[in-house]
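Before I ask anything, here is the structure I am working with.
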Amino acid sequence: MATSPRATQQKFEPWTDPDAKPYVRIEKVTKKFGDFFAVDDVSLSIYKKEIFCLLGASGCGKTTLLRMLAGFERPTSGKIFIDGVDMTSIPPYERPVNMMFQSYAIFPHMTVEQNVAFGLKQERLQKDEIESRVNDMLNLVKLGQFAKRKPHQLSGGQRQRVALARSLVKKPKLLLLDEPLAALDKKLREHTQFELINIKETLGVTFVVVTHDQEEAMTLSTRIGLMNHGEIVQVGTPSEIYEYPSSRFVSEFIGSVNMFEGRLVEDEPSYVRIGCDDLEAPIYVDHGVSSAPGATIWAAIRPEKITISREKPDATDNWTAAVVQDIAYMGDMSIYLLRLDSGKVVRVTQPNIYRHADDRITWDERVFLQWYPESPVVVTK
Amino acid sequence: MKALLKRAGLQGRSVVAAVPYLWLLLFFLIPFVIVLKISFSSSLIAMPPYEPLLHWTGEKVLQIKLNLGNFAFLVEDNLYWKAYLNSIWVASVSTFFCLLLGYPIAYAIARSNPSARNILMLLIVLPFWTSFLLRVYAWIGILKNNGLLNNFLIWIGAIDQPIQMLQTDFAVYVGIVYSYLPFMILPLYANLEKMDLTLLEAAADLGCKPWQGFLKVTLPLSLPGVRAGCLLVFIPAVGEFVIPSLLGDPGMLMIGKVLWTEFFNNRDWPVASAVAIVLLLFLVIPMMYFQRAQDAEAGGVHR
Ligand SMILES: Nc1ncnc2c1ncn2[C@@H]1O[C@H](COP(=O)(O)OP(=O)(O)O)[C@@H](O)[C@H]1O
Ligand SMILES: [Mg+2]
């Protein structure tokens with residue numbers, strides 16, 4: 001295998017193929033707790049071998065949606081199909097699905113080995129088959145030497161791997177992970193992310209992963225479903241979500257963004273000009289925008305897509321003046337906080353290309369900010 | 001004051017740690033030693049009704065007189081053996097029925113709505129607000145030949161002659177199970193209530209039907225509660241005196257009754273003490289053995 005997992009992943013886009021059959025289909029699923037909509041009219045299609053991330057702030061209904069896939073909660077309305085079969089009222093123990101719990105839920109009275117073998121014993125497999133599959137799985141997650149330990153003798157990272165091994169050993173077609181990496185430190189988390197991608201490639205499992213960590217969702221997933229207040233607000237690849245957010249909420253949730261409020265002053269099919277009170281020049285965008293005339297709209301510009309210079313640009317659009325308020329040196333790049341004349345603070349990041357830069361822009365300098373016509377994303381809600 | 005304690009080498013923490021030891025010394029070890037001492041002496045018609053162990057002869061000789069006869073007597077007279085065995089049997093059967101009734105009750109309470117749990121547990125301990133003796137007396141009223149139960153059975157036509165229930169073993173079992181059931185339920189409830197329910201979801205996820213999840217996860221995890229409950233019922237039930245006296249056949253052999261007879265009817269304190277010491281050994285040795293086994297299992301590689 002010469003290709004890295006990421007390289008194969010790039011060409012993997014079943015959702016663009018109209019003939020591809022989704023492996024998991026969630027149809028207009030709603031879950032109410034009393035009067036409260038924990039999941040509100042969600043429809044999703046997830047394809048074989050995807051790593052689909054449900055991303056959203058805490059309490060937005062991710063776990064509830066995942067638990068409905070596993071069968072622990074019944075939807076108030078709507079249907080769930082897995083591999084074309086209606087699973088809506090099938091109990092968890094009859095679904096071809098395994099879940100890794102946020103709390104790991106490892107059986108404390110069993111050894112590592114017994115925990116991993118639990119699901120296979122339930123299937124009444126041959127003793128030596130169970131043994132060899134458990135051994136293989138323990139080696140895969142590098143727990144071979146801990147097979148005889150009890151869970152309370154393991155570290156957090158080891159427990160997490162026991163939980164992963166226990167759900168993987170059943171060779172499920174669909175693996176559900178609820179904040180699988182939340183309890184790990186940064187290094188272990190990155191390592192495990194890579195491991196999950198590897199496992200997906202070697203075992204051909206479809207993953208649905210719940211996370212509130214956007215960085216994790218970006219590195220791990222083939223596609224992200226962004227949730228807010230029980231609804232899916234946007235579905236797309238990490239770069240689609242980042243570069244083409246469909247709303248202010250999405251652009252502000254993923255990464256950081258500068259949001260400029262304004263209204264259309266020129267509305268053509270091939271370009272628009274947006275007048276914005278905070279900026280000295282209008283924003284020019286090189287594509288059309290569908291919006292009611294006079295309505296408030298927003299232009300979102302990412303910090304890395306703005307450049308800083310000392311000379312005043314002689315363009316008519318896409319610039320403004322600012323004063324440097326604060327600089328944070330991060331090594332690979334620097335973060336500038338710049339105050340516009342209106343008082344609004346804009347965030348800009350610049351790569352530190354040169355090692356010594358004596359004439360680097362510094363505190364309290366008056367500078368000019370500029371961006372390209374394709375940089376802003378215009379959103380209407 | 002603090003400085004004084006410090007100078008004496010006593011710090012707050014060690015004082016606190018010493019309290020339970022002090023308690024055990026005062027109310028367990030010292031009485032035990034006294035009883036042990038009496039069990040080796042001989043009975044006398046005097047006050048107190050036994051000979052001292054140590055005797056100062058006045059010729060610079062300290063005489064120690066150990067009378068092993070009391071223990072020999074227990075072995076020779078098979079009344080005592082029968083009483084011991086019967087007590088252990090009665091206690092075992094009662095413990096079994098307490099577990100059979102108490103587990104489902106504790107389970108149901110632990111799985112009920114959290115707001116209902118405290119009220120249900122209050123109901124379980126409510127009988128403690130009435131005197132134990134009164135509650136056992138109440139059972140006489142229920143079980144006697146023209147008592148509540150017999151009258152009820154006759155009224156619904158299930159029987160036409162009253163059944164002899166009072167002064168039978170059945171009445172003793174009813175009395176013990178009724179009286180000690182809360183001691184089974186309390187530790188079981190405490191155990192079942194703190195169980196992490198996602199473990200059951202994990203079991204279901206791995207292919208367990210609900211009853212399999214119960215057998216493979218809930219039950220093994222509740223064993224410490226089962227053990228605690230069984231000990232809390234079994235130990236006092238072995239030495240039980242009041243219930244067999246009030247509800248049981250007067251001829252029923254129970255070690256608690258034998259003890260009572262030796263002390264108060266025969267005024268033979270040394271034999272009574274020997275009975276108590278042997279009873280204690282019967283209970284303590286298996287318990288220590290169990291505790292060892294349990295510790296070894298829980299400790300694993302950990303130790
Ligand atoms: N069993 C339940 N009963 C009532 N409310 C619940 C229940 N489970 C979840 N909720 C509520 O539903 C919302 C979504 O919960 P959850 O799906 O756990 O969010 P997330 O995993 O995104 O943090 C939360 O506000 C939570 O309080
Ligand atoms: Mg959650």
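The values are calculated or read from the model by the stated rules, or taken from the named source; none is laboratory data. Just so you know, these numbers come straight off a predicted model, no measurement behind them. Neighbour counts are summed over all protein chains in view; Cβ atoms, including those assigned to glycine, are modelled from backbone coordinates with ideal geometry. Areas reflect the complete protein model, heavy atoms only, side chains present, ligands, DNA and RNA absent. Shrake-Rupley method; radii C 1.70, N 1.55, O 1.52, S 1.80 Å.
If you go through region B:237-252, how many residues are in contact (Cβ under 8 Å) with a residue 40 or more places away in the chain and open to solvent by 50 Å² or more (accessible area, probe 1.4 Å)?
2
Can you tell me which residues in region A:180-209 are within 16 Å of ligand 1 (Cβ to nearest atom) and either out of contact with any helix residue (DSSP H, G or I) (no Cβ under 9 Å at 6 or more places or on another chain) or modelled with pLDDT of 90 or more (or both)?
Passing the criteria: A:208, A:209.
Counting just the residues of region A:79-93 that are facing another protein chain (nearest Cβ under 8 Å) and more than 16 Å from ligand 1 (Cβ to nearest atom), which one comes out surrounded by the fewest Cβ atoms within 10 Å (Cβ to Cβ)? Spell out how you get there, then give the answer.
Within region A:79-93, the first condition is being facing another protein chain (nearest Cβ under 8 Å), and the residues that meet it are A:91-93.
Next cut, more than 16 Å from ligand 1 (Cβ to nearest atom) only: A:91, A:93.
On the way: A:91: 13, A:93: 17.
Among those that are facing another protein chain (nearest Cβ under 8 Å) and more than 16 Å from ligand 1 (Cβ to nearest atom), it is A:91.
Please enumerate the residues belonging to region A:142-162 that are open to solvent by 70 Å² or more (accessible area, probe 1.4 Å) and either facing chain B (nearest Cβ under 10 Å) or in a loop (DSSP other than H, G, I, E, B) (or both).
Scanning region A:142-162 gives A:142, A:148, A:149, A:152.
Quick check on region A:178-190. Is at least one of its residues within 11 Å of chain B (Cβ to nearest Cβ) and open to solvent by less than 20 Å² (accessible area, probe 1.4 Å)?
Yes, because at least one residue in region A:178-190 is within 11 Å of chain B (Cβ to nearest Cβ) and open to solvent by less than 20 Å² (accessible area, probe 1.4 Å).
Being open to solvent by 10 Å² or more (accessible area, probe 1.4 Å) and more than 16 Å from ligand 1 (Cβ to nearest atom) is the filter here; which residues of region A:44-58 pass it?
If the condition is that a residue be open to solvent by 10 Å² or more (accessible area, probe 1.4 Å) and more than 16 Å from ligand 1 (Cβ to nearest atom), then A:45, A:47, A:48, A:49 are the ones that fit.
Taking only region B:105-164 into account, find how many residues are exposed (fewer than 13 other Cβ atoms within 10 Å of the Cβ) and of a type in the set (D, E, K, R).
Residues flagged as exposed (fewer than 13 other Cβ atoms within 10 Å of the Cβ) and of a type in the set (D, E, K, R) within region B:105-164 amount to 1.
Next up: Is it the case, given these coordinates, that residue B:135 is touching an Asp or Glu at 6+ places or on another chain (Cβ under 9 Å) and in a helix (DSSP H, G or I)?
no
Oh, and also: Does at least one position in region A:132-141 carry a residue that is over 34 Å from the mean Cα position of the chain (by Cα) and either under 26 Å from residue A:83 (Cα atoms) or more than 11 Å from chain B (Cβ to nearest Cβ) (or both)? Walk me through how you get there before you give the answer.
Step one: list which residues in region A:132-141 are over 34 Å from the mean Cα position of the chain (by Cα), which gives A:132.
Those left that are additionally either under 26 Å from residue A:83 (Cα atoms) or more than 11 Å from chain B (Cβ to nearest Cβ) (or both): A:132.
Within region A:132-141 (the criterion being over 34 Å from the mean Cα position of the chain (by Cα) and either under 26 Å from residue A:83 (Cα atoms) or more than 11 Å from chain B (Cβ to nearest Cβ) (or both)), the answer is yes, since at least one residue qualifies.
Going by the structure shown, is residue A:72 more than 27 Å from residue A:254 (Cβ to Cβ), open to solvent by less than 50 Å² (accessible area, probe 1.4 Å) and either within 16 Å of ligand 2 (Cβ to nearest atom) or assigned to a strand (DSSP E or B) (or both)?
Yes, satisfied.
Suppose we keep only residues that are within 11 Å of chain B (Cβ to nearest Cβ) and out of contact with any helix residue (DSSP H, G or I) (no Cβ under 6 Å at 6 or more places or on another chain) within region A:163-174. Which one would you say is surrounded by the fewest Cβ atoms within 10 Å (Cβ to Cβ)?
For region A:163-174, the residue satisfying everything is A:172.
Let me ask something additional. Please verify whether residue B:256 is in contact with a helix residue (DSSP H, G or I) (Cβ under 9 Å, 6 or more places away or on another chain), surrounded by 13 or more Cβ atoms within 10 Å (Cβ to Cβ) and either free of Cβ contacts under 8 Å to residues at least 24 places away in the same chain or within 29 Å of residue B:74 (Cβ to Cβ) (or both), treating the condition exactly as stated.
The answer is yes for residue B:256.
Give me the pairs, please: first residue somewhere in region A:197-220 and away from every other protein chain (no Cβ under 14 Å) and of a type outside the set (A, V, I, L, M), second residue anywhere and open to solvent by 60 Å² or more (accessible area, probe 1.4 Å) and within 16 Å of ligand 1 (Cβ to nearest atom), beta-carbon distance under 8 Å, and either six or more positions apart or on two chains.
Filtered contacts from region A:197-220: A:212/A:58.
Another one. If you go through region A:210-220, how many residues are within 16 Å of ligand 1 (Cβ to nearest atom) and either more than 9 Å from the chain's Cα centre (by Cα) or not aliphatic (A, V, I, L, M) (or both)?
5
For residue A:129, which of the numbered conditions (1) within 14 Å of chain B (Cβ to nearest Cβ); (2) within 28 Å of residue A:154 (Cα to Cα) fails to hold?
In the conditions (1) within 14 Å of chain B (Cβ to nearest Cβ); (2) within 28 Å of residue A:154 (Cα to Cα), residue A:129 misses (1) alone.
Related question: Return the pair list, or none, for Cβ contacts closer than 8 Å from residues in region A:46-64 that are within 14 Å of another protein chain (Cβ to nearest Cβ) and farther than 9 Å from residue A:207 by Cα to residues that are within 9 Å of ligand 2 (Cβ to nearest atom) and part of a strand (DSSP E or B), at least 6 apart or on different chains.
What qualifies is A:63/A:178; A:63/A:210.
Which of the residues that make up region A:96-126 are touching a strand residue (DSSP E or B) at 6+ places or on another chain (Cβ under 7 Å), facing chain B (nearest Cβ under 9 Å) and either in a loop (DSSP other than H, G, I, E, B) or charged (D, E, K, R) (or both)?
Within region A:96-126, A:101, A:102 meet the criteria.
Okay, moving on. Only one of A:260, A:207 is within 30 Å of residue A:314 (Cβ to Cβ), under 27 Å from the mean Cα position of the chain (by Cα) and assigned to a strand (DSSP E or B). Can you tell me which? Please lay out each step first, then the result.
Working: A:207 fails: within 30 Å of residue A:314 (Cβ to Cβ).
One residue alone meets the criteria, A:260.
Same structure, new question: For region A:227-247, indicate whether the set of residues that are more than 15 Å from the chain's Cα centre (by Cα), assigned to a helix (DSSP H, G or I) and under 30 Å from residue A:340 (Cβ atoms) is non-empty.
Looking for residues that are more than 15 Å from the chain's Cα centre (by Cα), assigned to a helix (DSSP H, G or I) and under 30 Å from residue A:340 (Cβ atoms), one finds none in region A:227-247, hence no.
Another question, if that's okay. Would you check which residues across region A:163-185 are under 14 Å from residue B:207 (Cα atoms) and either in a helix (DSSP H, G or I) or basic (Lys, Arg) (or both) and list them?
A:166, A:167, A:168, A:170, A:171
Filter the helices (runs of 4 or more DSSP H) completely within region B:167-230 down to those with at least 1 residues that are more than 10 Å from chain A (Cβ to nearest Cβ).
On the way: elements: B:169-193, B:198-205, B:210-213.
In region B:167-230, the matching helices (runs of 4 or more DSSP H) lie at B:169-193, B:210-213.
Within 16 Å of ligand 1 (Cβ to nearest atom) and in contact (Cβ under 8 Å) with a residue 60 or more places away in the chain: does that describe residue A:105? Working first, answer last.
On the way: within 16 Å of ligand 1 (Cβ to nearest atom): yes; in contact (Cβ under 8 Å) with a residue 60 or more places away in the chain: no.
Answer is no for this residue.
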